[in-house]
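Shown next, in structure tokens, is the structure this report addresses.
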């Protein structure tokens, strides 16, 4: 049986914990959120964009945090120190912040699908 890859260690300069992100969102101090997953994923974070902006506090995320960590590491190497990855991705965010503990507003949203043109 094939083992899953080990969980990478938390690196404070590279990662943001799910709770730290939730806290910033709840206080109305959101970073720019960038969803690195293909369009059509079941859930995303409220206000998430698809492109990394040129400046500002940015948090990259994906399902498990691996792609976001790799991308954040490359951006750090290029001098973009205000870019971080959501540690554990949306899977850990969803698991670590259950509605019965933090309340109904967890900032998770179903992506908006483009509206189809009406039939004529």
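Computed from the coordinates by the stated procedures, all read-outs in this text should not be read as laboratory data. On a predicted model such as this, the values are computed, not experimentally measured, just so you know. In this analysis, Cβ positions are derived from the backbone assuming ideal geometry, glycine residues included, and neighbour counts consider all displayed protein chains.
Dividing the helix sum by the residues of the chain, where each DSSP H run of 4 or more adds -39500 (n - 2.57), gives a mean residue ellipticity at 222 nm of -7500 deg cm²/dmol. Relative contact order of the chain: 30 percent, from C-alpha pairs under 8 Å at least 6 residues apart in sequence.
Working out 0.36 nm times the residue gap between residue 26 and residue 43, then minus their Cα-Cα distance, what length gain in nm do you get to one decimal?
4.3 nm
Label-to-label distance, residue 51 versus residue 91, with points set 7 angstrom from Cα along the beta-carbon direction: 3.0 nm.
Beta bridges from DSSP with both residues in segment 15-109: antiparallel share about 15 percent, rounded to the nearest 5. Each of 87, 19, 93 was scored by other Cβ atoms within 10 Å of its Cβ. Listed from fewest to most, they are 19, 93, 87.
Over all pairs of different C-alpha atoms, the chain has a mean inverse distance whose reciprocal, the Kirkwood radius, equals 15.2 Å. Computed packing ranks the peptides 1-7, 29-35 as 29-35, 1-7, most packed first, by mean other Cβ atoms within 10 Å.
Average projected area of the Cα convex hull of segment 38-107, in nm²?
5.1 nm²
As I understand it, the value is the acute angle between the Cα axis of helix 66-77 and the longest principal axis of the Cα atoms of the chain; what does it come to in degrees, rounded to 10? Helix 66-77 sits at roughly 60 degrees to that axis.
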